[in-house]
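Q: Encoded as structure tokens, here's the structure I'll be asking about.
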Amino acid sequence: MITKIKYILFFLFLFLLGVFGAYVYWLFSDLPDIKSLEGYRPLESSIVYSSDRQVLTEFFYERRKFVPHYEIPDIVKKAFIAAEDIRFYKHPGVDIVGIMRALYKDIKAGGIVEGGSTITQQLAKMLFLKPEKSIARKIKEAILSIQIEKKYTKDEILGLYLNQAYFGNRAYGIAAAAESYFGKSYQELNIAEVALLAAMPKAPSAYNPFKKPDIALKRRNLVLQKMLEEGFITKEQYNDSSKIPLPEHPHWRKFEAPYFVETLRQELEVKFGERLYKDGLRIYSTIDYSLQKKAEEAVRRGLEEIHKRVKPQVQAALIAIELKTGFVKAFVGGNDFWETQYNRVYSMRQPGSAFKPFVYAVALIEGFSPDDTILDSPVSFPGAIKGKSWSPRNYNNEYYGVVSLRKAIALSLNAATVRLASQVGIKNVVEFAEQCGLNTKIHPYLSTALGASDVKPIELTTAYSVFATGKRIKPIFYEKITDHKGIVIDEKKPEMETILPEEIVEPMRELLREVVLSGTAQKAKELGRDVYGKTGTTNDFSDAWFVGFDDNLLVGVWVGRDNHKPIGPKEAGARAALPIWIEFMKGAKPF
């Protein structure tokens with residue numbers, strides 16, 4: 001009988017041993033391969049820079065900037081070791097001593113007050129395992145930790161942890177955490193700031209200094225106490241650091257040039273997809289930070305002056321493009337992006353008299369000169385409805401008789417311009433406008449000569465490059481993009497196409513210069529340098545424009561209301577849009 005029992009126990013032991021072996025085999029067979037760490041790189045924010053290397057914004061799923069372990073300050077490492085794993089440099093990945101100590105404290109306290117997971121175990125869990133609570137997961141975590149420790153140095157492991165850890169407030173990794181909580185680089189953190197960040201990963205929401213400052217302060221000071229006990233800081237440093245107040249608000253990075261940034265983001269998302277938000281791209285945009293600030297200020301001040309005269313809710317758009325490259329140097333899509341994201345640079349609006357230069361350019365192509373004449377007097381043409389006529393009227397119903405083309409465009413004479421369009425052919429004018437880059441539908445009616453067909457401010461402004469240089473330019477929003485290693489993966493070159501020969505460009509510039517010298521834009525003479533351009537106003541004062549250039553920059557300004565209602569009485573291009581253009585150009589000195 002005893003022998004039989006021994007056999008049963010023996011076979012039961014073999015069975016259990018087999019079950020255990022199978023369980024262990026399953027654990028190992030299901031383990032991730034830590035070799036993947038060799039090419040490990042966490043999700044990293046892509047950063048957008050201005051042309052003068054100011055940071056405009058970041059694009060990210062997880063706000064993170066990767067930091068090599070050898071660049072992390074020693075005091076940062078010590079703070080996290082004190083807070084999370086004091087025996088980090090002594091254990092092989094799993095700390096039996098630490099587990100026993102934690103177990104003793106938990107039993108003594110009658111609850112869980114201290115965990116036994118090492119930094120390596122936390123890294124293994126973050127990178128390879130699901131956040132489930134089970135014995136199997138803990139065993140896998142321990143096995144992976146030991147494997148990681150055999151393959152990587154302690155500093156490499158600590159660096160991976162500090163780049164992967166979540167600190168709350170959408171900040172992943174030590175670099176993003178430093179910026180999010182303190183608005184500074186991780187290399188500039190003081191001891192108190194380091195201690196607070198070291199306190200965060202264990203429970204980011206529980207120790208949030210902005211929502212639970214009392215608990216966060218207690219936890220930070222506990223980390224300082226541990227740093228003191230381990231000799232990482234002096235008593236004096238502890239005393240000074242424990243008196244430093246917590247941060248009061250997160251340092252969200254607000255977009256600079258927000259309308260531009262959003263336009264750029266949409267373009268890049270089509271091209272790069274998810275890479276834009278996780279691959280740490282470096283995007284070098286064309287925006288000049290100084291000019292952008294001047295543009296935003298010019299729009300703000302211009303609208304303030306307009307709102308002194310009319311009811312509020314008038315909007316404005318401004319775009320500035322470098323003539324020799326097509327690089328967009330300033331871009332304002334409205335008064336306040338944070339109030340409304342609607343981008344007026346791409347809105348459909350009637351250009352009014354700002355369209356007239358296309359008529360005069362075709363006339364020059366057809367052999368007219370600036371001093372040739374055209375009759376400016378009341379005139380009628382067949383209307384769109386059979387049996388009805390259409391009669392363009394001059395502003396204030398004033399007519400000047402026989403005038404030169406120079407005077408007709410300078411004073412923005414409607415009757416003379418429509419007569420000229422009739423002579424050269426409105427279809428020719430439409431075709432030329434399309435060649436210059438107007439991609440919206442331009443109707444082949446004589447009223448189009450006065451700007452009756454809707455256009456986009458960006459297209460109208462870009463089309464004026466033909467008047468400035470003879471070449472149609474393509475607006476470019478970024479110069480180059482590099483990957484996280486600094487390798488160029490995309491680069492933009494100027495795209496230009498000659499539309500007008502030099503012998504036409506010079507008289508065309510003469511005509512647009514005359515608008516400033518003796519016409520509707522005489523106020524621009526205060527700039528004290530040669531500038532060229534054309535005002536634009538629609539019949540009911542719902543759209544006001546000035547599009548112009550000097551030898552470097554091409555700048556378009558539109559003013560109006562989003563609902564297309566009139567801006568206000570007499571709010572013409574010269575009164576509403578030109579002052580904004582001038583204010584910007586004062587700061588945009590020739591370069």
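Rule-based calculations on the coordinates, nothing more; no lab input. None of these values were measured; they are calculated from a predicted model. Note: ideal-geometry Cβ built from the backbone for every residue, glycine included; neighbour counts use all protein chains shown.
Q: Working from Cα positions, state the angle (0 to 90°, nearest 10) between the long axis of helix 213-229 and the longest principal axis of the chain.
A: 50 degrees
Q: Students often get this wrong, so check it: of Lys65/Lys480; Lys278/Lys492; Lys474/Lys534; Lys78/Lys184, which have C-alpha atoms separated by over 26 Å?
A: Numbers: Lys65/Lys480 20 Å; Lys278/Lys492 22 Å; Lys474/Lys534 21 Å; Lys78/Lys184 20 Å.
Cα-Cα > 26 Å for no pair; all within.
Q: Rounded to the nearest 10 degrees, what's the angle between the helix 119-128 long axis and the longest principal axis of the chain, both from Cα atoms, 0 to 90?
A: Taking the Cα atoms of the chain, the angle to 119-128 is about 60 degrees.
Q: Multiplying the sequence separation of Asp454 and Glu188 by 0.36 nm and subtracting their Cα-Cα distance, what value in nm do you get? Can you show the working numbers first?
A: Numbers: separation 266, 0.36 × 266 = 95.76 nm, distance 5.29 nm.
Full-extension gain reported as 90.5 nm.
Q: Another one. For the chain, restrict the atom set to alpha-carbon positions and state the Rg and Dmax in Å.
A: In order Rg, Dmax, the Cα atoms of the chain give 34.6, 133 Å.
Q: Can you tell me the dipole magnitude for the stretch 353-453 around its Cα centre, using point charges on the Cβ only (Lys, Arg +1; Asp, Glu -1), in Debye to the nearest 20? Numbers along the way, then the final one.
A: On the way: 9 positive and 7 negative charges, 75 e Å.
The calculation lands at about 360 debye.
Q: Angle between the Cα long axis of helix 173-182 and the longest principal axis of the chain, 0 to 90 degrees, nearest 10?
A: Approximately 60 degrees, to the nearest ten.
Q: Please get the size of the charge dipole for the chain, origin at its Cα centre, with Cβ charges of +1 on Lys and Arg and -1 on Asp and Glu, quoted in debye to the nearest 20.
A: Values: 82 positive and 71 negative charges, 393 e Å.
The dipole of the chain has a size of about 1880 debye.
Q: Label the stretch 438-510 by shape, choosing from rounded, prolate and oblate, from the square roots a ≥ b ≥ c of the eigenvalues of the Cα gyration tensor; if a/c is under 1.5 it is rounded, and otherwise prolate applies when a/b is larger than b/c, oblate when it is not.
A: Oblate is the answer for the stretch 438-510, as a/c is 1.5 or above yet b/c matches or exceeds a/b.
Q: On a 24 Å Cα-Cα criterion, which of the cross-link pairs Lys293/Lys324; Lys90/Lys125; Lys324/Lys485; Lys125/Lys151; Lys294/Lys565 come out too long?
A: Working: Lys293/Lys324 22 Å; Lys90/Lys125 20 Å; Lys324/Lys485 30 Å; Lys125/Lys151 17 Å; Lys294/Lys565 28 Å.
Pairs exceeding the cut-off: Lys324/Lys485; Lys294/Lys565.
Q: Here is a further query. Please give me the summed charge of the neighbours of Leu158: other residues whose Cβ is under 15 Å from its Cβ, Lys and Arg +1, Asp and Glu -1.
A: Details: positive: Lys77, Lys78, Arg87, Lys90, Lys151, Lys154; negative: Glu71, Asp74, Glu84, Asp85, Asp95, Glu149, Asp155, Glu156.
Residues close to Leu158 contribute a combined charge of -2.
Q: Nearest 20 debye, what's the magnitude of the dipole of the stretch 515-591 about its Cα centre given +1 on Lys and Arg Cβ and -1 on Asp and Glu Cβ?
A: Details: 10 positive and 9 negative charges, 35 e Å.
Dipole about the Cα centre, nearest 20: 160 debye.
Q: For a test of the definition: using alpha carbon positions, the gyration tensor, and the 1.5 limit on a/c, classify the stretch 353-453 as rounded, prolate or oblate. Please report the intermediate quantities before stating the final value.
A: Values: a/c = 1.71, a/b = 1.07, b/c = 1.60.
Cα axes put the stretch 353-453 in the oblate bin.
Q: Let me ask something else. Using helices alone, I'd like the mean residue ellipticity at 222 nm for the chain: each DSSP H run of four-plus residues gives -39500 (n - 2.57), total over residue count, nearest 500.
A: Details: 22 runs with 253 residues, N = 591.
Rounded to the nearest 500, the figure is -13000 deg cm²/dmol.
Q: Can you find, among Gln350, Asn396, Tyr49, the residue sitting farthest towards the positive end of the charge dipole of the chain, where Lys and Arg contribute +1 and Asp and Glu -1 at Cβ?
A: Tyr49
Q: Would you mind putting 487-495, 42-50 in packing order, based on average other-beta-carbon counts within 10 Å, highest first? Don't skip to the answer; put the middle values down first.
A: Working: 487-495: 12.6, 42-50: 21.6.
With the highest mean Cβ count within 10 Å placed first, the list reads 42-50, 487-495.
Q: Under the rule of at least 5 residues apart or a separate chain, name every residue whose amide H is placed under 5 Å from the amide H of Glu495.
A: The answer is Lys474.
Q: Would you work out the relative contact order for the chain, in percent, from Cα pairs under 8 angstrom that are 6 or more residues apart?
A: So the answer I get is 13 percent.
Q: Okay, next question. For the charge dipole of the chain, defined by +1 on Lys and Arg C-beta atoms and -1 on Asp and Glu C-beta atoms about the Cα centroid, which residue among Leu517, Asn539, Gln121 has the Cα displaced farthest towards the positive pole?
A: Gln121
Q: Another question, then. So which lysines pass the test for Lys427, namely a Cα distance under 18 Å, with those fewer than 8 places away in the same chain ruled out?
A: Lys356, Lys441
Q: What is the calculated FRET efficiency for Val55 to Ile365, with r their C-beta to C-beta distance and R₀ = 56 Å, to the nearest 0.05? Numbers along the way, then the final one.
A: Working: r = 46 Å, r/R0 = 0.83.
It comes to 0.75.
Q: Pull up all non-local amide H partners of Phe327: gap of 5 or more, or a different chain, and H-to-H distance under 5 Å with H placed in the peptide plane.
A: Residues meeting the criterion, in which the H sits 1.01 Å from N, are Glu322, Ile476.
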